1. Need one word for region 71-148: rounded, prolate or oblate. Basis is the Cα gyration tensor (sqrt eigenvalues a ≥ b ≥ c); a/c below 1.5 gives rounded, then a/b vs b/c decides.
2. Carbon and sulfur: what percent of region 44-156's accessible surface (1.4 Å probe)?
3. What fraction of the Cα pairs in the chain, stated in percent, has a spacing above 25 angstrom?
4. For the chain, what is the accessible area per residue in Å² when the probe is 1.4 Å?
5. Quick one: ranking Asp77, Asp5 by accessible area, 1.4 Å probe, largest first, what do you get?
6. Mind grabbing the base-10 log of I(q)/I(0) for region 116-156 at q = 0.20, 0.30 Å⁻¹? Debye formula, identical points on the C-alpha positions, no solvent, two decimal places.
7. For region 1-131, what is the charge dipole size about the Cα centre, in debye to the nearest 20, if Lys and Arg each add +1 at the Cβ and Asp and Glu each add -1 at the Cβ?
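The values are calculated or read from the model by the stated rules, or taken from the named source; none is laboratory data. It should be emphasised that the depicted structure is a prediction, and the values quoted were computed from it without experimental measurement. Every residue, glycine as well, gets a Cβ built from its backbone with ideal geometry; the counts of neighbours run over all protein chains shown. The protein model used for the area step is the full one, side chains on, heavy atoms only, and it has no ligands, DNA or RNA in it. Shrake-Rupley method; radii C 1.70, N 1.55, O 1.52, S 1.80 Å.
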Amino acid sequence: MDELDSQILEHLQRDARITNRELARTLGIAASTCLERTRALRQRGVITGFHAAVDLRALNRPVQALLSIQVRPLSRDVIEGFKAYVSDLPEVLSVFVIAGSDDFLVHVAVPDVDHLHAFLMDRFSPRREVVNFRSNVIYQHVSSTQVVSSLHDPTK
């Protein structure tokens, strides 16, 4: 990652809909150079995709919650199987496999608290590997608009 790659990433994180021509003009480089650099960032896996942010309320999913889930026995098969199961549920926005007293943190969005309760009872209670779960309703969710950049090792 050089300075030009970092600048491309910064601009694309702020506005992924910017045209290659406009990005090149902003950076003061040829459009072909900009396109080549952007493609290289995608091929190297630095850029993993382009996404549209959506308003969950507009999709009838105004209630969000973070679910803390414990599974047993702790094995790779159980973790991978549960991760695959929960990732496919339409209410689920994100799945985190974590360390500590819980094994998963799952971010969900649903129409109302009744749906959240039914989701927990229908999707987690019957699962043999789930030994405990808790829900924390999210009152407000603020997404960071901060541009993510590479962190340099201070020891180097």
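1. Oblate, since a/c reaches 1.5 and b/c is not below a/b.
2. Carbon-and-sulfur percentage of accessible area, whole number: 53.
3. Distances greater than 25 Å cover 51 percent of the Cα pairs.
4. 70 Å²
5. Asp77, Asp5
6. -0.74, -1.09
7. Computed about the Cα centre, the dipole is about 300 debye.
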